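Derivation of every value follows stated rules applied to the coordinates shown; laboratory data play no part. All figures in this text were calculated on a predicted structure; none of them were measured in a lab. Counting neighbours? That spans all protein chains shown, and the Cβs are built from the backbone with ideal geometry, glycine included.
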Amino acid sequence: MHRAPALAAALLALSACRVEPTPDEYLNPRNPAQVERREDEREIAARVSAFSEALARGGQADAGSVLLATPAAHVFGIGLNEGRPRFGPLGVAAAIADLELPQGAVARTPDLRVQADGRGLAWFATHVEVLPVVGAGGEPQRLRVSGVFIQREGDWRLVQLHLSRAETPEPTPPPDAIAPRPNPALDAAPREGG
C-alpha cells in the first residue's frame with residue numbers, strides 16, 4: 001500500500017536528476033584521434049622547416065622534393081609567373097627558381113602555423129625569412145608561404161602552394177610632418193540671413 005507513493009516519489013526524483021557525460025580525460029587520457037592529429041601537424045611542420053632550410057642553402061631541387069607535390073598540385077604566387085598558376089613538381093621547381101634567393105643563408109619560420117583535421121587534410125602558413133650569413137652578401141628576403149596537403153596511402157602530398165614576397169608598407173611619416181589640409185567649409189565667408 002505504501003509502495004505506490006514511494007515509487008511515484010522515486011520516479012519524480014529521478015526525472016529531476018541531470019545526467020552529464022563523463023569528461024574524456026577521465027575515460028581515455030590519450031585520445032587516439034588527437035594524438036594522431038598532433039603527429040600529423042608535427043610531420044607537416046618538419047617538412048615546411050626542411051623546405052625553408054633547403055631554400056636558404058640554395059638547394060632548389062631539395063626544397064621542391066621535400067614537399068612531395070602531387071602531379072596536379074596548384075602552385076601560384078604574387079609576382080611569380082605573372083600571376084599565372086603552375087602545376088606539379090615542375091611548377092614548384094619553377095616557382096622556387098623565380099624567387100632568386102641568396103645562397104648559403106639561414107632560414108627562419110617565426111610564425112609557422114599548421115593544422116590537420118584528422119581526416120587526411122592539413123594546411124600551413126608562415127613567413128620564411130632567408131637571412132644571408134655574414135660576409136656572404138645578398139639582402140635578407142622575407143617570403144609568405146602557405147599550402148595544403150592531403151594524405152594518400154599514408155603519405156602527405158602537397159596539393160596547393162602559395163609563394164610570394166612579403167611586402168612591407170612604406171613607413172608612416174610622423175604626425176608633425178603631415179601638413180593639414182584646408183577645409184573649404186571653414187574658409188567660406190558667413191552668409192547673411194542664414
Based on the mean of other Cβ atoms within 10 Å per residue, sort peptides 60-68, 82-90 so the most packed one is first. 60-68, 82-90
Could you give the length gained on full extension between residue 82 and residue 150, defined as 0.36 nm per residue of separation minus the Cα-Cα distance, in nm? 21.8 nm
Proxy exposure order for 130, 148 (fewest C-beta within 10 Å first) is 148, 130
If R₀ is 41 angstrom, what is the calculated FRET efficiency for the pair residue 133 and residue 90, using the beta carbon separation as r and rounding to 0.05? 0.85
With each pseudo-label sitting 7 Å past Cα toward Cβ, what's the residue 31-residue 106 distance in nm, one decimal? 3.9 nm
For the stretch 32-168, inverting the pair-averaged 1/r of distinct alpha-carbon atoms gives a Kirkwood value in Å of 15.1 Å
Once the mean of 1/r over all distinct C-alpha pairs in the stretch 104-153 is inverted, the Kirkwood radius in Å reads 12.6 Å
Among residues other than residue 144 whose Cβ falls under 15 Å from its Cβ, what is the net charge (Lys/Arg +1, Asp/Glu -1)? 0
Distance (nanometres) between label positions extended 7 Å along Cα→Cβ at residue 97 and residue 181: 4.8 nm
In terms of modelled amide H atoms, which long-range or inter-chain residues lie less than 5 Å from the amide H of residue 156? none
